[in-house]
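Remarks on the structure that follows.
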Amino acid sequence: MAHIEKFNIIKPYQHGFLKKHSCETQLLNTIEEIIRHFDQGSKRQIDVQILDFSKAFDTVAHQRLLHKLSKYGISGKTLNWIQYWLTNRNQCVIVDGEISKTAKVTSGVSQGTVLGPLMFLV
């Protein structure tokens, strides 16, 4: 995180998964900006786009993430550890006691971990 903060890899308008930032702080900033335009008598149209990132953690492509981390200066043992953490994982599904074939996991970051949200942001 120190490296990411030092080199401003995550933009200041990102509010999810960061210390002292949340969906609520994003909402407050957005409302403040809308009110500021209104108070200044701006006649400009204000557009708001809301995205639902459900299942977003599952869509992070491992190779793309590793490439980005490398471009951002993450290398050596740290990059190797993250690669090990992400890759060579398999999964299967059990329904009514029946087990599916095992499939290789090529995307997604582990949910419920400290590192997962950070990797999603990158």
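Being within 24 Å of His3 (Cα to Cα), without any contact (Cβ under 8 Å) to a residue 40 or more places away in the chain and either of a type in the set (Val, Ile, Thr) or exposed (fewer than 11 other Cβ atoms within 10 Å of the Cβ) (or both) is a property that Gly112 has. Considering (1) surrounded by 13 or more Cβ atoms within 10 Å (Cβ to Cβ); (2) touching a strand residue (DSSP E or B) at 6+ places or on another chain (Cβ under 7 Å), the lone condition that His21 does not fulfil carries the number (2).
Does Ile94 satisfy the condition of being farther than 21 Å from Ile10 by Cα and open to solvent by 40 Å² or more (accessible area, probe 1.4 Å)?
On the way: farther than 21 Å from Ile10 by Cα: yes; open to solvent by 40 Å² or more (accessible area, probe 1.4 Å): yes.
Yes: the conditions hold for Ile94.
Whenever a residue of the stretch 59-87 is on the phi > 0 side of the Ramachandran plot and touching a residue at least 40 places away in the same chain (Cβ under 8 Å), its partners that are in a loop (DSSP other than H, G, I, E, B) and surrounded by 16 or more Cβ atoms within 10 Å (Cβ to Cβ), lying with C-beta atoms within less than 9 angstrom and at least six residues away or across chains, give the pairs Gly73/Ile9.
Annotation note: of Lys68, Lys77, Lys55, Lys43, the sole residue that is of a type in the set (Lys, Arg), at pLDDT 85 or above and open to solvent by 100 Å² or more (accessible area, probe 1.4 Å) is Lys77.
I'd like to check which helices (runs of 4 or more DSSP H) are fully inside the stretch 1-117 and have at least 1 residues that are small (Gly, Ala, Ser).
Here the list reads 2-6, 62-71, 76-86.
Could you pull out the residue among Thr102, Thr87 that is open to solvent by less than 80 Å² (accessible area, probe 1.4 Å) and among the polar types (S, T, N, Q)?
After ruling out the rest, the residue left standing is Thr87.
The values are calculated or read from the model by the stated rules, or taken from the named source; none is laboratory data. Keep in mind that what you see is a predicted model, and the values were worked out from it rather than measured. Backbone-built Cβ (ideal geometry, glycine too); neighbour counts: all protein chains shown. With ligands, DNA and RNA removed, areas are computed over all heavy atoms of the protein, side chains included. Shrake-Rupley method; radii C 1.70, N 1.55, O 1.52, S 1.80 Å.
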